1. Considering only region 85-101, state which residues are closer than 27 Å to ALA13 by Cβ and either open to solvent by 80 Å² or more (accessible area, probe 1.4 Å) or not in a helix (DSSP H, G or I) (or both).
2. Considering region 11-26 alone, what residues qualify as being open to solvent by 30 Å² or more (accessible area, probe 1.4 Å) and under 23 Å from PHE57 (Cα atoms)?
3. Can you say whether LEU63 is within 25 Å of TRP29 (Cβ to Cβ) and at pLDDT 85 or above, as far as the supplied structure shows?
4. For region 3-26, how many residues meet the condition of being of a type in the set (Gly, Ala, Ser), more than 30 Å from VAL106 (Cβ to Cβ) and without any contact (Cβ under 8 Å) to a residue 12 or more places away in the chain?
5. Looking at TRP46, TRP33, TRP29, which is the one that is hydrophobic (A, V, I, L, M, F, W, C), open to solvent by 80 Å² or more (accessible area, probe 1.4 Å) and touching a residue at least 24 places away in the same chain (Cβ under 8 Å)?
6. Counting only residues that are touching a residue at least 60 places away in the same chain (Cβ under 8 Å) and under 18 Å from the mean Cα position of the chain (by Cα), which one in region 58-100 is farthest from PHE17 (Cα to Cα)?
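The values are calculated or read from the model by the stated rules, or taken from the named source; none is laboratory data. Because the structure is a prediction, the values reported are computed rather than measured. Cβ: placed from backbone, ideal geometry, glycine included. Neighbour counts: every protein chain shown. For accessibility, only protein heavy atoms count, side chains too; no ligands or nucleic acids. Shrake-Rupley method; radii C 1.70, N 1.55, O 1.52, S 1.80 Å.
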Amino acid sequence: MAYRLLADAVVLAHTAFVGFVVLGGFLAWRWSWVVWPHVPCAVWGWVCPLTPLENEFRRRAGLEGYAGGFVEHYVLPALYPAALTRPTQVVLGTLVVVVNLIAYGVLLRRALRGG
């Protein structure tokens, strides 16, 4: 039971991390120091260490883990259902990038204006 709770806690932490990646640029409007942890998180290109940790807790709880990463297992099925077309998937993915470009564009403009 404890390992299952730990696995679920890792899922919550992972969800918060994904939310931070998507919306962290807006947090930087209020707290400029957020840029320093957000940019490396947003460009991370490897398997997140939380995924193997979650799978290990699930294994110890007697549950089955999953192949691939957190995003492929939890997020993609919710954001990109099987009936969703590839062009729509590209649009949705691009939207995440555009949201962060807008956030950082505003932040950069503020910095260049000195305020």
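1. Within region 85-101, LEU95, VAL97, LEU101 qualify.
2. Residues of region 11-26 that are open to solvent by 30 Å² or more (accessible area, probe 1.4 Å), as a first pass: 12-13, 15-23, 26.
Listed by number, the residues that qualify are LEU12, ALA13, THR15, ALA16, PHE17, VAL18, GLY19.
3. Working: within 25 Å of TRP29 (Cβ to Cβ): no; at pLDDT 85 or above: yes.
So LEU63 does not fit the description; no.
4. 1
5. Details: TRP46 fails: touching a residue at least 24 places away in the same chain (Cβ under 8 Å); TRP33 fails: touching a residue at least 24 places away in the same chain (Cβ under 8 Å).
After applying the criteria, what remains is TRP29.
6. Applying the first criterion (touching a residue at least 60 places away in the same chain (Cβ under 8 Å)) to region 58-100 yields 61, 74, 96, 99-100.
Going one step further and asking which of them are under 18 Å from the mean Cα position of the chain (by Cα), we end up with 74, 96, 99-100.
Numbers: TYR74: 13, VAL96: 14, VAL99: 16, ASN100: 15 Å.
Within region 58-100, the match that is farthest from PHE17 (Cα to Cα) is VAL99.
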